[in-house]
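Asks: Dropping a structure here in structure tokens format, bear with me for questions.
The values are calculated or read from the model by the stated rules, or taken from the named source; none is laboratory data. These figures come from a predicted structure and were not determined experimentally. Heads up, the Cβs are rebuilt from the backbone with ideal geometry, glycines too, and the neighbour counts pull from every protein chain shown. The accessibility values were calculated without ligands, DNA or RNA, using every heavy atom of the protein model including side chains. Shrake-Rupley method; radii C 1.70, N 1.55, O 1.52, S 1.80 Å.
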Amino acid sequence: MTGKPKIVIVGGGFGGIKLAKLFAKEDVDITLVDRHNFHLFQPLLYQVSTAILSTDEIAYPIRTFFRSNKNVEFFMAKAQGVDQVRNVLLTNHGEVPYDYLILAAGATTNFFGMKTVEEHSYGMKTIQEALHIRNHVLHMFERANKQTDPTLRKKMLTFVVVGGGPTGIEEAGAISELIGIQKKEFHNLDFNDVSITLIEATPNVLPMLPPEMREETVRVLRRKGVNVRLSTQVVDYDGEVLKLKGGEEIPTRTVIWAAGVKAVPFIAECGGEVARDGRIIVEENLLVKGAKNVFAIGDCAFFLHGTERPLPTVAPVATQQAVVCVRNVMKLINGQTDLETFHYKDLGAMATIGRGDAVMAKGSMKMSGFFAWCAWMIVHLMRLAGAHTNFTVAIKWTWNLISGTRLGRIITNIKV
């Protein structure tokens, strides 16, 4: 024990890593707790699921970030709750005491209470889920190639993506391009049986973008062969048939769920008030409501101060909140009580629709097509961790743009 204030951070995502990097410059001891030993670049999970990138190109060992920071310790464990009376974080590997605790635990897939959908569809929040999707989609082509029953073969080759946010748009576009590659190599498979459907419950995709960018997105997806279904609600899925509100059914073996997020279950055990989506309610200064030394940022925090809706679950929110949170914790350590109020600065929104095609908007500036894709690529490369990752990903994206090659189409689980 050094006698320095002990800061405990839960979560190694964008917010958690930013917090630890900033605190590492202060005269405090930091413990970063996460169940995984790596930081995951979630926005590119869809590229692992569609064989563009490999896992080591979107994940980075947490300890490597802090090689030179002796005051940062990584504790690999699953957070299970918080005892605010005793100031301890509860984990499956024991208790972690703290002077100040910051929850940056991220979010998980929201299936909106539909248990059968959760059981049979594929979420995309973890590396394991992305690999499951890649293996499954590739298996469907291999099995369909051997299938003599036309009805079953068509079911295997029907791919449904649910959710019209960036993840759903990017996944649907990437699958359509993956199918284009498969078409060149499966010589005896009838690709008239192949279909991709994107389902969105609301009247619009990408609600954070202006109407003309949404329309452009839908136009490009349809040009790529994606059947875009708006104002369409899923009610059930048993692994064989996807049921829609109104009675329509889509026979399919593949439903990829990108329709919403909610806080990880652990957040409900932290001693604070939670919103309907499970996120913990925070004050304007990012303190958990009713707490004196527990803060929350990012996807697990419900921030509704001066905004019509809670702040979106995107990386810029988490990283901006991390900066304010560190300043407020340091103020408390130094005996100050005038904590800073958080104000989110919207950096704009963007989404890639496929190879060399994207949409973006920031204020009055709007862009689509190749130059928007270049901007998307630069922004994402800047956020990736490590020079090696930046180099290899840039090379892969460039080569994929030129040739369309995806050598990552490797099935890693055996289902002959």
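Asks: What's the total number of residues in segment 363-384 that are over 29 Å from LEU138 (Cα atoms) and part of a helix (DSSP H, G or I)?
Replies: Taking segment 363-384 as the starting set, the residues that turn out to be over 29 Å from LEU138 (Cα atoms) are 363-368, 371-372, 375, 378-379, 382-383.
Those still in the list that are part of a helix (DSSP H, G or I) too: 371-372, 375, 378-379, 382-383.
The total comes to 7.
Asks: Among the residues of segment 328-345, is there at least one that is under 30 Å from GLU283 (Cβ atoms) and touching a strand residue (DSSP E or B) at 6+ places or on another chain (Cβ under 6 Å)? Don't jump to the end; show me each part of the working.
Replies: Of all residues in segment 328-345, those under 30 Å from GLU283 (Cβ atoms) come to 328-345.
Applying the additional criterion that residues be touching a strand residue (DSSP E or B) at 6+ places or on another chain (Cβ under 6 Å) yields 329.
Yes.
Asks: Being open to solvent by 20 Å² or more (accessible area, probe 1.4 Å) and assigned to a helix (DSSP H, G or I), is that true of even one residue in segment 220-230?
Replies: Taking segment 220-230 first, the residues open to solvent by 20 Å² or more (accessible area, probe 1.4 Å) are 222-225, 227, 229-230.
Pick out the ones that are also assigned to a helix (DSSP H, G or I) and you get 222-223.
Within segment 220-230, one or more residues are open to solvent by 20 Å² or more (accessible area, probe 1.4 Å) and assigned to a helix (DSSP H, G or I).
Asks: Now for a different question. I'd like the full set of residues that are surrounded by 16 or more Cβ atoms within 10 Å (Cβ to Cβ) and either in contact with a strand residue (DSSP E or B) (Cβ under 6 Å, 6 or more places away or on another chain) or of a type in the set (Ser, Thr, Tyr) (or both), limited to segment 362-374. Show your work before the answer.
Replies: Step one: list which residues in segment 362-374 are surrounded by 16 or more Cβ atoms within 10 Å (Cβ to Cβ), which gives 366-368, 372-373.
Matches in segment 362-374: MET367, SER368, ALA372, TRP373.
Asks: Are there helices (runs of 4 or more DSSP H) fully within segment 117-216 with at least 3 residues that are surrounded by fewer than 20 Cβ atoms within 10 Å (Cβ to Cβ) and in contact with a Leu (Cβ under 9 Å, 6 or more places away or on another chain)? List them.
Replies: Numbers: elements: 127-146, 150-156, 166-185.
Helices (runs of 4 or more DSSP H) meeting the threshold: 127-146.
Asks: Pairs please, first residue from segment 5-18 and in contact (Cβ under 8 Å) with a residue 12 or more places away in the chain and on the phi > 0 side of the Ramachandran plot, second anywhere and acidic (Asp, Glu) and assigned to a strand (DSSP E or B), Cβ atoms under 7 Å, 6+ apart in sequence or on different chains.
Replies: Cβ pairs passing all conditions: GLY11/ASP34.
Asks: Right, ASN87: more than 27 Å from the chain's Cα centre (by Cα) and surrounded by 16 or more Cβ atoms within 10 Å (Cβ to Cβ) or not?
Replies: Values: more than 27 Å from the chain's Cα centre (by Cα): yes; surrounded by 16 or more Cβ atoms within 10 Å (Cβ to Cβ): yes.
So ASN87 passes the test.
To keep it simple, each residue is scored yes or no on (1) open to solvent by 50 Å² or more (accessible area, probe 1.4 Å); (2) among the charged types (D, E, K, R).
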residue	(1), (2)
ASP29	no, yes
ASN37	yes, no
LEU40	no, no
VAL48	no, no
ILE52	no, no
THR64	no, no
MET76	yes, no
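Asks: Among the strands (runs of 3 or more DSSP E) confined wholly to segment 235-309, which include 3 or more residues that are touching a residue at least 12 places away in the same chain (Cβ under 8 Å) and either surrounded by fewer than 20 Cβ atoms within 10 Å (Cβ to Cβ) or touching a strand residue (DSSP E or B) at 6+ places or on another chain (Cβ under 9 Å) (or both)?
Replies: Details: elements: 241-244, 249-251, 254-257, 261-263, 294-296.
Of the strands (runs of 3 or more DSSP E) lying wholly inside segment 235-309, those with at least 3 residues that are touching a residue at least 12 places away in the same chain (Cβ under 8 Å) and either surrounded by fewer than 20 Cβ atoms within 10 Å (Cβ to Cβ) or touching a strand residue (DSSP E or B) at 6+ places or on another chain (Cβ under 9 Å) (or both) span 254-257, 261-263, 294-296.
Asks: Still on this structure: Would you point out which residue out of GLY354, GLY348 is in contact (Cβ under 8 Å) with a residue 12 or more places away in the chain and either open to solvent by less than 20 Å² (accessible area, probe 1.4 Å) or under 17 Å from ASP56 (Cβ atoms) (or both)? Working first, answer last.
Replies: On the way: GLY348 fails: either open to solvent by less than 20 Å² (accessible area, probe 1.4 Å) or under 17 Å from ASP56 (Cβ atoms) (or both).
When all the criteria are applied, what remains is GLY354.
Asks: Just the residues that are among the aliphatic types (A, V, I, L, M) and in a strand (DSSP E or B), please, taken from segment 334-356.
Replies: Answer for segment 334-356, where residues must be among the aliphatic types (A, V, I, L, M) and in a strand (DSSP E or B): ALA349, MET350, ALA351, ILE353.
Asks: Go through segment 206-241 and give me each residue that's farther than 30 Å from SER368 by Cα and in contact with an Asp or Glu (Cβ under 7 Å, 6 or more places away or on another chain).
Replies: VAL241
Asks: Can you name the residue in segment 385-416 that is modelled with pLDDT of 90 or more and not in a helix (DSSP H, G or I) and is also surrounded by the fewest Cβ atoms within 10 Å (Cβ to Cβ) among such residues?
Replies: That would be THR412.
Asks: Now, a different point. Within segment 310-325, take every residue that is over 17 Å from ALA105 (Cβ atoms) and among the aliphatic types (A, V, I, L, M) and give me the one that is surrounded by the fewest Cβ atoms within 10 Å (Cβ to Cβ).
Replies: VAL323
Asks: If GLU283 passes every condition in (1) touching a helix residue (DSSP H, G or I) at 6+ places or on another chain (Cβ under 9 Å); (2) at pLDDT 95 or above; (3) over 24 Å from LEU209 (Cβ atoms); (4) not β-branched (Val, Ile, Thr) but one, which one does it miss?
Replies: (1)
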